[in-house]
Amino acid sequence: MEITNRFLLSGDNITRLSCPKNKIKFKAGLPDTIVIHYTAGRSAESSASYLARDDVGASAHIVIGREGEIYQLVPFDTIAWHAGKSAYGGRTMLNQYAIGIELDNAGVLTKIGNEYQAWFGAKYQADDVMYATHRNETSPRYWHTYTEKQIDVCSEVCRLLIEKFSVKTIVGHEEIAPGRKQDPGPAFPLDQFREQLLLKNETDEPNLMDAQGEVTASLLNIRAGAGISFEKIAKPLVAGTKVTVLEEREGWFRVQTVVEGWVSKSHITIK
Ligand SMILES: [Zn+2]
């Protein structure tokens, strides 16, 4: 999958719908945010065609179905209408900042006998339901679960958007319009999801503050700065020396042991 010319491209599984009501482009440097939603609808196809309608005052950039199928309604450089009255991080009216991703999901369900019913009447079996407390609520309710495929595809799309637009923030609709909105709800692993995606650069070079490491080289020079041009400040550290990593810079660690100084990070294993 890739984003070319404002649209998702892929060999298959992507349907483009026309949504001519959305015409206004994002300002320069935007979008920088992704808002995750659920459709509270019957199917991805029905939700996507509804949101694309000219007489409907809502839309989203994409709708992701339960098999991972994608409908794109609005190009990524154009503002869609998914957030409504909203506020987050000192901003209001998030549509002007954010890509909207809708996931096909029935939302809150009501238990009736052994089945679970959505507001629109469809019934779901226990396998597709979780009982959980929403982050904005205090007691548990029944929620339609998401499929693994759907979350994987959502993650892949977000990864592409992060690369393309330098997205810094992923939020749930429930976080930008608390009280008014409940989506994507507790069935969506929002915290882990954004942590994995947005900290990716840092996971490549993880935050090693206070990590415990051990010298692997037989003798490892410890220096006054991050580079071989800096003077050695003590006798070399021997293999097996335990160190605390304080800082990382361009292939070097500032470590603390009996002395404190810089060592080449490739000779330290983190415990
Ligand atoms: Zn929403």
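Annotation note: trypsin sites (Lys or Arg not before Pro) in the range 104-144 located in DSSP loop regions with a Cβ neighbour count of at most 16 within 10 Å are Arg135. Once the C-beta distance of Ile24 and Ser266 is scaled by a Förster radius of 51 Å, the resulting FRET efficiency is 0.55 to the nearest 0.05.
Computing the accessible area with a 1.4 Å probe over protein heavy atoms, can you report the carbon and sulfur percentage for the range 2-203?
Accessible surface attributable to carbon and sulfur in the range 2-203 totals 49 percent.
If the cut-off is a Cα-Cα distance under 13 Å, which aspartates and glutamates reach Lys242, setting aside same-chain residues fewer than 8 apart in sequence? Within the straight-line cut-off, Lys242 pairs with Asp210, Glu214, Glu260.
Membrane-span-like helices in the chain, defined here as complete DSSP H runs extending at least 24 Å along the helix axis by their C-alpha atoms with mean Kyte-Doolittle hydropathy no lower than 1.6, are absent; this is a sequence and geometry rule, not a statement about a membrane. Cross-link reach is defined here as a Cα-Cα straight distance under 22 Å, omitting same-chain residues fewer than 8 places apart; for Lys235 the lysines meeting it are Lys265. Accessible surface for the range 2-203, divided over its residues, is 49 Å² per residue with a 1.4 Å probe.
For q values of 0.08 Å⁻¹, compute log₁₀ I(q)/I(0) with the Debye formula on a Cα-only model of the chain, without solvent. Treating every Cα as an identical point scatterer, log10 I(q)/I(0) equals -0.47.
For Gln212 and Arg249, what is the calculated FRET efficiency with R₀ set at 25 Å and r taken between the beta-carbons, to the nearest 0.05? Intermediate values should be presented prior to the final figure.
Details: r = 19 Å, r/R0 = 0.76.
For R0 = 25 Å, the calculated efficiency reads 0.85.
Projecting label points 7 angstrom from Cα along Cα→Cβ for Val259 and Ser43 puts them 7.2 nm apart.
Tell me what the chain gives for mean residue ellipticity at 222 nm when only DSSP H runs of n ≥ 4 count, each as -39,500 (n - 2.57), the sum divided by the residue total, rounded to 500 deg cm²/dmol.
So the helix-based figure for the chain works out to -4500 deg cm²/dmol.
Taking a ≥ b ≥ c as the square roots of the eigenvalues of the Cα gyration tensor of the range 211-270, is the shape rounded (a/c under 1.5), prolate (a/b larger than b/c) or oblate? The shape class here is rounded.
Of all DSSP beta bridges confined to the range 211-270, the antiparallel ones make up roughly 100%.
If you plug the beta carbon distance of Ser229 and Ala132 into 1/(1 + (r/R0)^6) with R0 = 45 Å, you get a FRET efficiency near 0.20.
Partners of Lys27 within straight-line reach, counting lysines whose Cα lies under 21 Å from its Cα and excluding those fewer than 8 residues away in the same chain: Lys85, Lys164, Lys168. In angstrom, the C-alpha Rg and Dmax of the range 1-152 are 16.3, 53.
The values are calculated or read from the model by the stated rules, or taken from the named source; none is laboratory data. These numbers come from a predicted model, not from an experiment. Please note: Cβ atoms are built from the backbone with ideal geometry, for glycine as well, and neighbour counts cover all protein chains shown. Heads up: the accessible areas ignore ligands, DNA and RNA and are worked out on the full protein's heavy atoms, side chains in. Shrake-Rupley method; radii C 1.70, N 1.55, O 1.52, S 1.80 Å.
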